[in-house]
Amino acid sequence: MRVYFKEITVRTQRRRELLDITHEVERAVAESGISNGLCLVFAPHATAAIIANEHERGLMNDILRKLGEDYPEDGKWEHNLIDDNAAAHLASAFVGSARLFPVKEGRLVRGTWQNIFLVELDGPRAVRRVVVEVVGV
Ligand code: ZN
């Protein structure tokens, strides 16, 4: 079994936004040389998340709107008393900071309408890291 580890860095521009990192993740899978196994995509941040869904502008706006409805920034959150970003932590906690994909015959397996996104929840940030770890044979 082999393990390939890569860290991708991205810059975010807005308070909340979706960044399509599909190409970077697929490049890491190709670089790994691993044919069959699993690819973990993990954001080592408490105020970001990883999702897989369609890269369609309207839907991307809908996802951000839904996050805003579920985790309103002006909610009466206790964490806002010490750090004004409780909504970002909550969205990260419940959306999740990682997604796992199969790797088959050297390629990441995903649906046609499943691009991979970093979800920025507390931007803009000069550096957001995404860990891609490919494990297999
Ligand atoms: Zn905080």
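The values are calculated or read from the model by the stated rules, or taken from the named source; none is laboratory data. As the structure is a computational prediction, the values presented were derived from the model and not from experiment. Backbone-built Cβ (ideal geometry, glycine too); neighbour counts: all protein chains shown. Calculation scope for accessible area: heavy atoms of the full protein, side chains included, ligands and nucleic acids excluded. Shrake-Rupley method; radii C 1.70, N 1.55, O 1.52, S 1.80 Å.
Scanning for something under 21 Å from Ile8 (Cβ atoms), modelled with pLDDT of 95 or more and either in contact with a Cys (Cβ under 8 Å, 6 or more places away or on another chain) or buried (at least 18 other Cβ atoms within 10 Å of the Cβ) (or both), does region 71-90 turn up at least one residue? Before you say what the answer is, go through the steps one by one.
Taking region 71-90 first, the residues under 21 Å from Ile8 (Cβ atoms) are 88.
Those still in the list that are modelled with pLDDT of 95 or more too: 88.
Of the ones still in play, those that are also either in contact with a Cys (Cβ under 8 Å, 6 or more places away or on another chain) or buried (at least 18 other Cβ atoms within 10 Å of the Cβ) (or both) are 88.
Yes, region 71-90 has at least one match.
Here is the figure for region 104-137: residues that are open to solvent by less than 10 Å² (accessible area, probe 1.4 Å) and of a type in the set (A, V, I, L, M, F, W, C) total 8. Is it true that some residue in region 42-63 is touching a Ser or Thr at 6+ places or on another chain (Cβ under 8 Å), modelled with pLDDT of 95 or more, away from the ligand (no atom under 16 Å from the Cβ) and among the acidic types (Asp, Glu)? No, region 42-63 contains no residue that is touching a Ser or Thr at 6+ places or on another chain (Cβ under 8 Å), modelled with pLDDT of 95 or more, away from the ligand (no atom under 16 Å from the Cβ) and among the acidic types (Asp, Glu).
Residues in region 39-51 that are closer than 14 Å to Glu17 by Cα and not in a loop (DSSP other than H, G, I, E, B): how many? Going through region 39-51 one residue at a time, the tally reaches 4. Only a single item in (1) in contact with a strand residue (DSSP E or B) (Cβ under 8 Å, 6 or more places away or on another chain); (2) open to solvent by less than 40 Å² (accessible area, probe 1.4 Å); (3) free of Cβ contacts under 8 Å to residues at least 12 places away in the same chain; (4) not β-branched (Val, Ile, Thr) is not met by Ala98, and it is number (3).
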